[in-house]
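Participant: Have a look at this one before I ask anything.
Nothing in this text is a laboratory measurement; each read-out follows from the coordinates by a stated rule. What you see is a predicted model; the values in this text were computed from it and never measured. Note that each Cβ is placed from the backbone with ideal geometry, even for glycine, and that neighbours are counted across all protein chains shown.
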Amino acid sequence: MSIDRAVMAFAGMMILVSLVLSHFHSPYWLLFTAFVGLNLVQAAFSGFCPAAMIFKRLGFKAGTAFS
């Protein structure tokens, strides 16, 4: 799996988890959903993504967006 796909999978899982938590626990978890979305937007424009750096250190192969 490439870093790009790992970042998308991780972001998708975080969004789904926060939606479930907001439904069953507290609507404030939607703020985390917004944070993940904003981080994806800034990464699209700047190329900086902390999750991509972590996945790179874990040995994932480079993709086209994050190397």
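Participant: Going through the chain, which chymotrypsin sites (Phe, Trp or Tyr not before Pro) have at most 15 other Cβ atoms within 10 Å and a DSSP loop state?
Facilitator: Those that pass, being in a loop and sparsely packed, are PHE48.
Participant: Here is a follow-up. Mark the label point 7 Å from the Cα of LEU19 along Cα→Cβ and return the residues of the stretch 29-67 whose backbone N is within less than 19 Å of it.
Facilitator: Inside the label zone: 29-41.
Participant: Using Cα atoms only, what is the angle between the long axis of helix 3-24 and the major principal axis of the chain, expressed in degrees (0 to 90) to the nearest 10?
Facilitator: Computed tilt is about 10 degrees.
Participant: What angle, in degrees between 0 and 90 and rounded to the nearest 10, separates the Cα long axis of helix 30-46 from the longest principal axis of the Cα atoms of the chain?
Facilitator: 20 degrees
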